[in-house]
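Take a look at the structure set out below.
The values are calculated or read from the model by the stated rules, or taken from the named source; none is laboratory data. Source: prediction; values computed, not measured. Don't worry about glycine lacking a Cβ; one is built from the backbone with ideal geometry, like all the others, and counts go over all protein chains shown.
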Amino acid sequence: MPDTHANLRAAAAQLWINPHRDAAAPSATAVCGTTPDPADMQAAQDRLGRFAPLLAQLFPELAASHGQIESPLTPVPAMQRAMGLPAEQGRLWVKADHSLPVAGSIKARGGFHEVLEWAEQLALAHGVLAADGDYRGLAAPAARAMFARHQVAVGSTGNLGMAIGVMAAALGFRAVVHMSTEAKEWKKNRLRQHGVQVIEHAGDYEQAVAQGRELAVADPLCHFVDDERSVSLFIGYSAAALHLRDQLQAQDVVVDAEHPLLVYIPCGVGGAPSGIAWGLHQLFGEHVHCFFAEPVQSPCFLVQMLAEPGSHPAVYDYGLTNQTQADGLAIPRASLLAAQAMRSILAGVITVQDQTLFDNLALLHASQGMRIEPSAAAGFSGPLQLREHALASAGANHVVWTTGGLLVPEAQFQEFLLRSKG
Ligand SMILES: *Cc1c(COP(=O)(O)O)cnc(C)c1O
């Protein structure tokens, strides 16, 4: 038996298999007291569809996709060879959320959904949108003036703030982003250029969220996007599963007992990967196996999965620092909502050294020409860590979710490359 706790303390990379996974678990696990069902996932996708014509108008980069914000599912044979993953252990794919337009990260999914859901509710309540109306009307002065009286706030290590801030400002909201210390300077600058107010906090991500939440409750016209508790974010992320299912079908990828689908998703607070894993579980049941990938210094989700029911430990409790170059994953304590949703669904967790992130980032760039940020490289360790596992068979498909990178400045990307050993 591997000693998971000792590995955590030693900051050693490891694979943990979830002993509570129950392939036959009811698909509707309660999340935060409410029980989302597949209809919610579809409703989120429909909502994004209703807003698409407006988004195509607000963001020139969305004109070609008619306002749809999606990413390719791509086979990456050159990366598979470079990594040394033999064909007998399955086929390697990338779900390229690093290329998601406007936000440049997976946060486009949940983050945009929550801002748009709130905008929709306000617009209907204030009579600037009819129930079956044309959403492009929300770009008109009456709607924008109404949005301008309202504020959207969020606490973030960077990417969630970029998604929420840019979308909220584009609709005309006042937007405030509370940033923690590890947030990168270029992310703050980009937000300021978009008219977003950036408030910097001295502490970690958790403190930035807590302070933002506190300021927001005092203001009835403020909507706080709560990364640790939001069902709207969760459901927004889950809609990715519907699109992935269609992409797998279009590329003749079968998912069944002989062809397990293994999905590796970088995990911070846990909202994004849990939403997606939950969605995939609705669609593929026992044949999908989702693994979350975390830095060895910030394995908050693994820590929570090991915790006694009712407790909420932090990575600091294991003597870890929460210091990692994977800024999107530098989270000390997991979302309880996400952990609860994953208890019987999650296949496992892998933890990764920062050096491995840089090495895989460089390998992916050299082999496939893809540009990702360090957080987004975490999943590539998964297929190799599962080498000895029965799931890693010739019929398996390994999907590595690359979660961010599009907006990383060139100079910053070159620095990432310099940190690889290759
Ligand atoms: C936010 C983020 C994640 C993880 O999402 P959580 O909801 O925090 O778990 C992964 N990768 C990148 C690049 C991110 O920005």
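When region 91-107 is examined, which residues are found to be near the ligand (Cβ under 9 Å from one of its atoms) and basic (Lys, Arg)?
Lys107
Would you please name the residue that is nearest to Gly90 (Cα to Cα), looking only at residues in region 360-383 that are more than 13 Å from the ligand (Cβ to nearest atom) and among the polar types (S, T, N, Q)?
Here the residue is Ser381.
Tell me, please, whether a residue that is at pLDDT 95 or above, within 16 Å of the ligand (Cβ to nearest atom) and in contact with a helix residue (DSSP H, G or I) (Cβ under 9 Å, 6 or more places away or on another chain) can be found in region 246-258.
no
Residue check: is Ile345 closer than 20 Å to Asp37 by Cβ, assigned to a loop (DSSP other than H, G, I, E, B) and within 16 Å of the ligand (Cβ to nearest atom)?
When the stated conditions are applied, Ile345 passes them.
Out of the residues in region 389-405 that are under 22 Å from Gln251 (Cβ atoms) and part of a loop (DSSP other than H, G, I, E, B), state the one that is farthest from the ligand (Cβ to nearest atom).
Among those residues, the one meeting the criterion is Ala394.
Within region 176-203, take every residue that is closer than 14 Å to Ala153 by Cβ and touching a helix residue (DSSP H, G or I) at 6+ places or on another chain (Cβ under 7 Å) and give me the one that is surrounded by the most Cβ atoms within 10 Å (Cβ to Cβ).
Val177
Which pairs have Cβ atoms under 6 Å, sit 6 or more apart or on different chains, and link a residue in region 244-255 that is touching a residue at least 24 places away in the same chain (Cβ under 8 Å) to one that is not hydroxyl-bearing (Ser, Thr, Tyr)?
Final answer for the pair search is Arg245/Leu283; Gln247/Leu73; Val253/Asn397; Val255/Leu261; Val255/Phe284; Val255/His287.
Filter region 204-221 for residues that are closer than 16 Å to Ser335 by Cα and among the hydrophobic types (A, V, I, L, M, F, W, C) and give the result.
Ala208, Val209, Ala210
Answer yes or no as to whether Leu357 is in contact (Cβ under 8 Å) with a residue 60 or more places away in the chain, within 13 Å of the ligand (Cβ to nearest atom), assigned to a helix (DSSP H, G or I) and over 20 Å from Met305 (Cα atoms).
Answer is yes for this residue.
When region 199-230 is examined, which residues are found to be polar (S, T, N, Q) and touching a strand residue (DSSP E or B) at 6+ places or on another chain (Cβ under 8 Å)?
Hit for region 199-230 is Gln211, nothing else.
Take region 282-330 and flag every residue that is surrounded by fewer than 24 Cβ atoms within 10 Å (Cβ to Cβ), within 21 Å of Met41 (Cα to Cα) and either in contact (Cβ under 8 Å) with a residue 40 or more places away in the chain or hydroxyl-bearing (Ser, Thr, Tyr) (or both).
Residues satisfying the conditions are Gln282, Leu283, Gly285, Glu286.
Helices (runs of 4 or more DSSP H) wholly in region 173-240 with at least 1 residues that are under 14 Å from Asp327 (Cβ atoms) - which ones?
The helices (runs of 4 or more DSSP H) meeting that bar are 185-193, 205-217.
Which of the helices (runs of 4 or more DSSP H) contained wholly in region 51-154 include at least 3 residues that are touching a His at 6+ places or on another chain (Cβ under 9 Å) and under 30 Å from Ser180 (Cα atoms)?
Here the list reads 107-125.
What's the number of the condition Leu386 fails, among (1) under 20 Å from Ala240 (Cβ atoms); (2) buried (at least 24 other Cβ atoms within 10 Å of the Cβ); (3) more than 14 Å from the ligand (Cβ to nearest atom)?
(1)
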